[in-house]
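Heads up, the thing below is written out as structure tokens.
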Amino acid sequence: MRAEVHRDAYVLVMRRDRVLLVLRGSGIYRGGEWGLPSGEVMPSETYVGVARRKLRSEVGLEADVPLRFVHLLERVTPTGDHWVGAFFAVVLDAFDGFEPVNAEPHKHDAVSWFGVGELPGNLGDYLRHAIDAVRRAETFSEFVEP
């Protein structure tokens, strides 16, 4: 049997030394975990297009902000599926008026800022791995789930 390959885009919304996270609701994939604004790349979409769409739809940030590619993560699940995630960063110091909103309350329970050195315990392991890699300025990493 062939493993599936999934493509995702993630956005690290940064303000000074804080990162914006969303708390995924109990009825969705990885429910109860904090995560980054993100989404699967669908047919005819690009990674950048998904990143911009998810910024708007999940936290209310308009799509014209500058996105900077920061990391590519290849994640392998216990079933052998591969998830290839492109991570982009948005630095909001230049956008002083922005306050995030939970724009998808049917999917997320909360939206909150966390210090990059004080990430919540229920942040997905692969996301913690990727955020740490970005902090080390690594542009590629692999994560094999136990």
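Assorted remarks:
- Shape of the range 84-146, Cα gyration tensor, a/c cut at 1.5: oblate
- Cα gyration tensor category, rounded, prolate or oblate, for the range 5-144 with a/c compared to 1.5: rounded
- Fewest-first sequence of 58, 74 by Cβ atoms within 10 Å of each Cβ: 74, 58
- With θ taken as phi - 60° and the Karplus curve 6.51 cos²θ - 1.76 cosθ + 1.60 applied, the whole-hertz 3J(HN,Hα) list for the range 44-49 is 6, 9, 10, 4, 5, x Hz, x standing for glycine and proline.
- Neighbour-count order for 83, 34, fewest beta carbons within 10 angstrom listed first: 83, 34
- Theoretical ellipticity at 222 nm over the chain - DSSP helices of four or more residues, -39500 (n - 2.57) apiece, nearest 500: -5000 deg cm²/dmol
- Dipole check for the chain: with +1 at the C-beta of Lys and Arg, -1 at the C-beta of Asp and Glu, and the Cα centre as origin, the magnitude is about 100 Debye.
Since every read-out is calculated from the coordinates, none of them should be taken as a lab result. Just so we're clear, the structure is a prediction, and the values are computed from it rather than from any experiment. Don't worry about glycine lacking a Cβ; one is built from the backbone with ideal geometry, like all the others, and counts go over all protein chains shown.
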